[in-house]
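J.: Here it is, the structure, as structure tokens.
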């Protein structure tokens with residue numbers, strides 16, 4: 001999970017909350033084949049369901065991150081953990097995985113919370129909720145926080161995108177390193193591959209690239 005070499009925004013995917021084991025792996029493969037994806041964030045606790053999704057992501061050179069559960073992350077051989085449950089769990093995850101896996105700090109709702117998380121040096125900070133794509137655009141507070149962070153700090157920011165693909169342009173224009181999409185990809189009428197391709201096109205067209 002690396003930044004774009006040109007300094008542009010990169011796309012991440014959040015898996016839907018309810019995954020059909022019979023159909024979702026094929027849909028995920030199509031999505032990952034649609035264009036550049038930096039990471040896949042997986043929720044849930046079913047090791048048998050998540051493990052093949054982790055492998056699919058890794059085969060596509062996409063970092064697979066499990067939410068909150070370091071043991072499940074180990075059993076599924078995920079690339080890291082996305083922590084939503086606060087500073088205590090974030091510190092524990094960093095103690096276990098620093099140098100061996102990605103640890104992201106999520107559920108950050110203020111500048112103070114972000115700076116407190118930044119002091120322990122996670123691999124990224126995440127603004128917005130994983131299910132916060134209920135409006136077409138990025139939630140304004142999350143966008144403001146992510147843009148503020150990206151303008152000041154070395155640790156990259158990720159922001160939860162909106163329910164419309166066009167929301168990635170908001171993140172790219174603000175200079176945010178990563179933008180996450182959920183329903184905009186999985187519910188796209190032309191399928192998840194077309195959604196990822198279009199999201200990347202919008203990012204390239206809008207990205208703020210340093211001079």
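The values are calculated or read from the model by the stated rules, or taken from the named source; none is laboratory data. Everything quoted here is computed from the prediction, not taken from an experiment. Every residue, glycine as well, gets a Cβ built from its backbone with ideal geometry; the counts of neighbours run over all protein chains shown.
J.: Do we have any residue at all in segment 151-164 that's surrounded by fewer than 24 Cβ atoms within 10 Å (Cβ to Cβ) and under 15 Å from residue 106 (Cα atoms)? Explain how you work it out, then say what you get.
T.: From segment 151-164, those surrounded by fewer than 24 Cβ atoms within 10 Å (Cβ to Cβ) are 151-156, 163-164; that's our starting set.
Then drop every residue that is not under 15 Å from residue 106 (Cα atoms), which leaves 155-156.
Yes, segment 151-164 contains at least one residue that is surrounded by fewer than 24 Cβ atoms within 10 Å (Cβ to Cβ) and under 15 Å from residue 106 (Cα atoms).
J.: Still on this structure, please answer the following. With the requirement that a residue be under 12 Å from residue 11 (Cα atoms), outside any loop (DSSP other than H, G, I, E, B) and in contact with a helix residue (DSSP H, G or I) (Cβ under 9 Å, 6 or more places away or on another chain), what does segment 30-47 give you?
T.: 31, 32, 39, 40
J.: Failed condition for residue 78, given (1) at pLDDT 95 or above; (2) crowded, with 23+ Cβ neighbours inside 10 Å; (3) under 26 Å from residue 206 (Cα atoms); (4) in contact with a helix residue (DSSP H, G or I) (Cβ under 6 Å, 6 or more places away or on another chain), with all others met?
T.: Evaluating residue 78 over (1) at pLDDT 95 or above; (2) crowded, with 23+ Cβ neighbours inside 10 Å; (3) under 26 Å from residue 206 (Cα atoms); (4) in contact with a helix residue (DSSP H, G or I) (Cβ under 6 Å, 6 or more places away or on another chain) leaves (3) as the failure.
J.: Which pairs have Cβ atoms under 9 Å, sit 6 or more apart or on different chains, and link a residue in segment 62-76 that is at positive phi and free of Cβ contacts under 8 Å to residues at least 40 places away in the same chain to one that is in a helix (DSSP H, G or I) and surrounded by 21 or more Cβ atoms within 10 Å (Cβ to Cβ)?
T.: 68/93
J.: Counting only residues that are within 15 Å of residue 100 (Cβ to Cβ) and either touching a helix residue (DSSP H, G or I) at 6+ places or on another chain (Cβ under 8 Å) or modelled with pLDDT of 95 or more (or both), how many does segment 60-72 have? If you could, list the steps in order and put the result at the bottom.
T.: The first filter runs over segment 60-72 and keeps only residues within 15 Å of residue 100 (Cβ to Cβ), leaving 63-66, 70-71.
Okay, now just the ones that are also either touching a helix residue (DSSP H, G or I) at 6+ places or on another chain (Cβ under 8 Å) or modelled with pLDDT of 95 or more (or both), so 63-66, 70.
The qualifying residues number 5.
J.: Of all residues in segment 1-23, which are outside any loop (DSSP other than H, G, I, E, B) and either modelled with pLDDT under 95 or in contact with a helix residue (DSSP H, G or I) (Cβ under 7 Å, 6 or more places away or on another chain) (or both)? Lay out the reasoning, then the answer.
T.: Taking segment 1-23 as the starting set, the residues that turn out to be outside any loop (DSSP other than H, G, I, E, B) are 10-14.
Matches in segment 1-23: 11, 13.
J.: Can you go through 65, 72, 13 and tell me which one is buried (at least 23 other Cβ atoms within 10 Å of the Cβ) and within 22 Å of residue 94 (Cα to Cα)?
T.: Details: 72 fails: buried (at least 23 other Cβ atoms within 10 Å of the Cβ); 13 fails: within 22 Å of residue 94 (Cα to Cα).
Answer to the selection: 65.
J.: Restricting to segment 81-99, what's the tally of residues that are in a helix (DSSP H, G or I) and surrounded by 14 or more Cβ atoms within 10 Å (Cβ to Cβ)?
T.: In the first step, residues of segment 81-99 are kept if they are in a helix (DSSP H, G or I); the result is 87-97.
Now restrict to residues that are surrounded by 14 or more Cβ atoms within 10 Å (Cβ to Cβ): 87, 89-94, 96-97.
Residues meeting the conditions: 9.
J.: Consider residue 107 against the criteria (1) assigned to a strand (DSSP E or B); (2) touching a strand residue (DSSP E or B) at 6+ places or on another chain (Cβ under 6 Å): it satisfies all of them except one. Which criterion is unmet?
T.: So residue 107 meets the others, but not (2).
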